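The values are calculated or read from the model by the stated rules, or taken from the named source; none is laboratory data. These figures come from a predicted structure and were not determined experimentally. Glycine also receives a Cβ, built like all others from the backbone with ideal geometry; neighbour counts cover every protein chain displayed.
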């Protein structure tokens with residue numbers, strides 16, 4: 001009789017332990033995914049003007065932008081080789097996402113709000129297209145209220161370990 005009355009408590013205890021286990025397992029896998037993406041992103045990339053649509057405001061200066069590069073460093077910083085109006089800053093930090101999360105660029109001189117849930121400009125994990133590796137910045141924060149480019153593609157040119 002006593003075991004029968006304890007059965008709901010035992011079942012709830014088992015379900016609670018299972019939920020904790022699954023939550024920890026999910027976090028471990030999410031962190032592993034971020035580490036994998038982090039290592040994949042390390043290196044240098046150059047803007048791909050064939051895939052990036054600069055729009056009317058920036059097309060006339062495409063010769064200036066064609067050599068735009070960005071490098072992701074192992075200390076979670078990034079650096080671009082020049083300032084451009086469609087990216088808020090040429091230096092800052094970056095965060096890798098996993099398969100279900102965006103990666104993020106955090107510009108050094110941008111004043112992010114304390115309560116910003118996702119500060120920065122989001123970008124994709126690296127992906128292969130043919131024999132090339134790309135990532136896409138989705139609507140980067142522009143400088144000085146300039147026009148936003150909705151999709152900025154970068155092609156990997158140098159790998160870093």
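Determine whether the range 20-40 contains at least one residue that is modelled with pLDDT of 90 or more, surrounded by 10 or more Cβ atoms within 10 Å (Cβ to Cβ) and either in contact with a strand residue (DSSP E or B) (Cβ under 6 Å, 6 or more places away or on another chain) or closer than 19 Å to residue 140 by Cα (or both).
Within the range 20-40 (the criterion being modelled with pLDDT of 90 or more, surrounded by 10 or more Cβ atoms within 10 Å (Cβ to Cβ) and either in contact with a strand residue (DSSP E or B) (Cβ under 6 Å, 6 or more places away or on another chain) or closer than 19 Å to residue 140 by Cα (or both)), the answer is no, since none of the residues qualifies.
For residue 11, which of the numbered conditions (1) at pLDDT 65 or above; (2) over 26 Å from residue 159 (Cα atoms) fails to hold?
All conditions are met except number (1).
Kindly list the number of the only condition in (1) closer than 16 Å to residue 47 by Cα; (2) assigned to a loop (DSSP other than H, G, I, E, B) that fails for residue 97.
(1)
Which condition from (1) assigned to a loop (DSSP other than H, G, I, E, B); (2) modelled with pLDDT under 90; (3) in contact with a strand residue (DSSP E or B) (Cβ under 6 Å, 6 or more places away or on another chain) is the one that residue 110 breaks?
(3)
For the structure I just gave you, tell me whether residue 135 is assigned to a strand (DSSP E or B), closer than 24 Å to residue 34 by Cα, in contact (Cβ under 8 Å) with a residue 12 or more places away in the chain and in contact with a helix residue (DSSP H, G or I) (Cβ under 9 Å, 6 or more places away or on another chain).
Numbers: assigned to a strand (DSSP E or B): yes; closer than 24 Å to residue 34 by Cα: yes; in contact (Cβ under 8 Å) with a residue 12 or more places away in the chain: yes; in contact with a helix residue (DSSP H, G or I) (Cβ under 9 Å, 6 or more places away or on another chain): yes.
In short, yes.
Give the residue that is farthest from residue 32 (Cα to Cα), with candidates limited to residues of the range 56-96 that are in contact (Cβ under 8 Å) with a residue 60 or more places away in the chain and surrounded by fewer than 16 Cβ atoms within 10 Å (Cβ to Cβ).
Among them, the one singled out is 57.
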